[in-house]
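The structure under discussion appears below in the form of structure tokens.
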Amino acid sequence: MGTISAKVFDLKGEEVSQVNLPQIFNTPTRPDVIKRAVVTIQSHKYQPQGRDPMAGKKNTAVSRHAGLGISRVPRLRERGQRAAFAPGTVGGRSAHPPEAEKKIKKKLPKKEMNLAIRSAVAATGSKETVAARGHMIDDVPDFPLVVVDEIQSLKKTKDIEEAFMNLGVWPDIFRVKESRKIRAGKGKMRGRKMKQAIGPLLVITKNDGIAEAARNLPGMQVASVENLNAELLAPGTHPGRLTVWTSSAFEKVGKVFGGE
């Protein structure tokens, strides 16, 4: 069996060369492992929360026991019959409060996490998997999509826009822009008013201005090949994110995550 090659495109969308397809792109798709890896990464972003152990208990309330014709809930030692302390009373303690000591961070073996990344990388080279995620890929010339390293030196957003138009990636960014809407529910009052889809990912080896130029494009992310993880490659646990590889990152990904 001969070596499989991938096409390399310039910023005008024209094929300029070919590179050997890294072995990592032959990794079988494992949605189950990818999901565990993404959920593990997401659990590291949770903020532990708890209650003061004495919350609702700083009072003199005691039960007056039976025989008075009233319920036996704890009541304050003062004139009147105001109840306190019990979970069902105003100002009382919480029945089952969250505890800051609760273990909310998940763990995953290194080999399993590495398999998840390799599988997610391989999924970016499958046109069917990328399309199943909902990306607009009608004009994308090839999968995996590899471009010359010159894209790393673009310093203006309009230059990236032009390059992505030539590479057929721009319709997906337009899709993200159209998907932006106000979130349903009370989340809109809590610092996360807007909700939008996930756009393309650009994988680089060196940032010569591309990261700053691309941050205004909705839904797009730029990451170095060493910093790739399962959540970047498979947002929401769904593999097959539309990914643009620079030629240097494409050649390096197999060495970073194995499979060579």
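The values are calculated or read from the model by the stated rules, or taken from the named source; none is laboratory data. As the structure is a prediction and not an experimental result, all values here were calculated from the model. For neighbour counting, all protein chains shown are included, and Cβ atoms are generated from backbone atoms with ideal geometry for every residue, glycine included.
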* **Failed condition for Ala116, given (1) surrounded by 13 or more Cβ atoms within 10 Å (Cβ to Cβ); (2) at pLDDT below 95** => (2)
* To do: Write out, first by first residue and then by second, each pair whose Cβ atoms fall under 8 Å of each other, whose residues are 6+ apart or on separate chains, and whose first residue, in region 178-196, is over 22 Å from Gly134 (Cβ atoms) while the second is of a type in the set (Val, Ile, Thr).
  => Lys188/Ile182; Lys193/Ile182
* Structure fact -> Scanning region 1-26 residue by residue, the ones that are surrounded by 15 or more Cβ atoms within 10 Å (Cβ to Cβ), part of a loop (DSSP other than H, G, I, E, B) and small (Gly, Ala, Ser) total 1
* Ala163 vs. criteria of a type outside the set (Phe, Trp, Tyr), part of a helix (DSSP H, G or I), in contact with a strand residue (DSSP E or B) (Cβ under 8 Å, 6 or more places away or on another chain) and buried (at least 18 other Cβ atoms within 10 Å of the Cβ) -> yes
* **Answer residue from region 178-231, given it is more than 27 Å from Leu108 (Cα to Cα) and of a type in the set (S, T, N, Q) and is farthest from the chain's Cα centre (by Cα) among those** => Asn207
* Asked: Between a first residue in region 45-59 that is over 15 Å from Lys102 (Cβ atoms) and a second residue that is in a loop (DSSP other than H, G, I, E, B) and hydroxyl-bearing (Ser, Thr, Tyr), which pairs have beta carbons less than 8 Å apart while being 6 or more apart in sequence or on different chains?
  -> Ala55/Ser94; Gly56/Ser94
* **Exclusive hit being β-branched (Val, Ile, Thr), touching a residue at least 60 places away in the same chain (Cβ under 8 Å) and farther than 24 Å from Trp245 by Cβ, set Ile117, Ile104, Ile137** => Ile104
* Quickly run through region 108-122 and pick out the residues that are under 18 Å from the mean Cα position of the chain (by Cα) and either under 19 Å from Pro218 (Cα atoms) or in a loop (DSSP other than H, G, I, E, B) (or both). => Leu108
* Asked: Residues Gly254, Gly236: which one is in contact with an Asp or Glu (Cβ under 7 Å, 6 or more places away or on another chain) and in contact (Cβ under 8 Å) with a residue 40 or more places away in the chain?
  -> Gly254
* Select from region 123-160 the residues that are in a helix (DSSP H, G or I), buried (at least 23 other Cβ atoms within 10 Å of the Cβ) and over 18 Å from the mean Cα position of the chain (by Cα) and list them in ascending order. => Ile151, Ile160
* Asked: Considering region 166-208 alone, what residues qualify as being more than 18 Å from Arg241 (Cα to Cα), assigned to a loop (DSSP other than H, G, I, E, B) and of a type in the set (Val, Ile, Thr)?
  -> Thr205
* To do: Kindly establish whether Thr29 is in a loop (DSSP other than H, G, I, E, B), at pLDDT below 90, among the hydroxyl-bearing types (Ser, Thr, Tyr) and on the phi < 0 side of the Ramachandran plot.
  => no
* **In region 209-254, the residues that are surrounded by fewer than 19 Cβ atoms within 10 Å (Cβ to Cβ), assigned to a helix (DSSP H, G or I) and charged (D, E, K, R)** => Glu212, Glu226, Glu251, Lys252
* **Filter result (out of contact with any Ser or Thr (no Cβ under 7 Å at 6 or more places or on another chain), of a type in the set (Gly, Ala, Ser) and touching a residue at least 12 places away in the same chain (Cβ under 8 Å)) within region 197-213** => Gly199
